[in-house]
Amino acid sequence: MKTALAIEVTKTSQSKLAQTDFDNLMFGQTISDHMFVADYENGEWTNLRIVPYEPLSLNPANATLHYGQSVFEGMKAYKNDAGEILLFRADANQKRLNASAERMCIPEVPEEIFMEGLYKLLEMDADWIPQKPGYSLYVRPFIFATDDYLGIRPSQKYSFMIFTCPVGHYYAKPVTVKVEQTYTRAAEGGTGYAKAAGNYAASLYPALLAQKQGYDQLLWTDGKTHQNIEESGTMNVMFVVNDTIITAPTHTGTILKGITRESVLILAKEMGYVVEERFMTVSELEKLLQAGKLTEAFGTGTAATIAHIAKININGVDYELPAKGEDAFSNQVLRKLDAIKYGKVTDTHGWIRKV
Ligand code: COI
């Protein structure tokens, strides 16, 4: 992409590439050499730059530290066999970042700043994109308030940044989950649909309690009745019953509108599955599990892609789900998604952008 915007570039003099062990990547721990930064001041985004990835210096009165005005995105870049950089549905991430920003009173980042900053960053750190199956470059755009002011009001200054991390699988094995019916992740009218930092902070304590009991994640239920299954901590959740895929609808505003979620549902319909965007209730799930009638359960997300669920705990009872073979829907759809993302098949959906 030819950049039309003025983006000042400062290259690192000490690339970390040579010291990076691409065979042992812990999600989010290995960060590439550069980051894109833009500042919001006096009502406009300015000072667009790419600089070496480095720590930030923050005033202790920084508004984000106190009041959490911060939103983020997650997306992935891949390399095809020819070594070209492919981005999966970056336009959807850009739109979702701004939808989250609006809810958190954060100014939107114009599409051209997001895209041109991202493309230039990926071109500069292209050697950081792993070319192995299942591996990719995770891209983390985020916006946060930078006013140094303790009064409660929307900040007047912000930073928009993008940095990237080479990653492998987020979950090394199928996950175990516990249905949460005490704590609430999101309430109607709240911020559940936004990728807001605070949503993740609020979910940590209940998730930690479940982890202490041996479960990887929670299956969140709605905040009002705790009867409807909404999503998991890092993913949307799907259930398969014979040839029907059931996943929570997003109209309540309590559920993240997952881009992987939407992509899987589109592919499922093309594969001849019936898609039901409706709530699976806890008792329906319990009955399906008791009768051995739940064909599959899995999470979908950018980081996780497709994460098989191996065990579900409801009201203290563990239900094991048998391992899934190659012909299971979740594995078929994962192969289809990967083929598109790595440029192995023609992209008939307009999901891939070549950088
Ligand atoms: C993602 O899948 O990109 C996410 O944002 C989940 C994350 C919290 C790891």
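Tabulated data
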read-out	value
Diffusion constant of the chain at 10 °C, which comes from Stokes-Einstein with the Kirkwood Cα-pair radius and 1.306 mPa s, µm²/s	74
Spatially proximal lysines relative to Lys336 (Cα-Cα < 21 Å; intrachain offsets below 8 disregarded)	Lys76, Lys79, Lys132, Lys173, Lys257, Lys269, Lys324, Lys344, Lys354
Fully extended contour minus Cα-Cα distance, from Glu270 to Glu326, at 0.36 nm per residue	18.3 nm
Sorted by Cβ neighbour density within 10 Å, fewest at the top, the residues Leu209, Leu118	Leu209, Leu118
Under 11 Å, Cβ to Cβ, from Pro141 - net charge with Lys/Arg +1 and Asp/Glu -1	+2
Among Gly253, Gly233, Gly214, residue whose mean-square fluctuation peaks in a GNM of the chain (springs only between Cα atoms under 10 Å)	Gly214
Among 293-301, 149-157, 8-16, 172-180, the order from most to least packed when residues are scored by Cβ within 10 Å on average	293-301, 172-180, 149-157, 8-16
Per principal axis, descending, Cα span of region 222-263 in whole Å	30, 22, 19
Helix axis angle, 197-212 relative to the chain longest principal axis, alpha carbon, degrees	40
Kirkwood Rh, Cα atoms: Rg over Rh of region 196-238	0.96
Estimated distance in nm for a label pair at Lys354 and Arg335, the labels positioned 7 Å out from Cα along Cα-to-Cβ	2.7
For region 147-228: rounded, prolate or oblate by the Cα gyration tensor [a/c cutoff 1.5]	oblate
Estimated distance in nm for a label pair at Lys212 and Lys11, the labels positioned 7 Å out from Cα along Cα-to-Cβ	5.2
Calculated [θ] (222 nm, deg cm²/dmol) that DSSP helices of n ≥ 4 give over the chain, each run adding -39,500 (n - 2.57)	-7000 deg cm²/dmol
Whole-Å distance, taken between Cα centres, linking region 209-244 and region 125-167	27
Order by protection proxy (mean Cβ within 10 Å, highest first), peptides 263-274, 344-355, 187-198	187-198, 263-274, 344-355
Aspartates and glutamates with Cα under 13 Å of Lys341, excluding same-chain neighbours fewer than 8 positions away	Asp81, Glu84
DSSP-defined beta bridges in region 174-255 - what % are antiparallel, rounded to 5	65
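Here, each number is a calculation from the coordinates, and none is a lab measurement. It should be emphasised that the depicted structure is a prediction, and the values quoted were computed from it without experimental measurement. Note: ideal-geometry Cβ built from the backbone for every residue, glycine included; neighbour counts use all protein chains shown.
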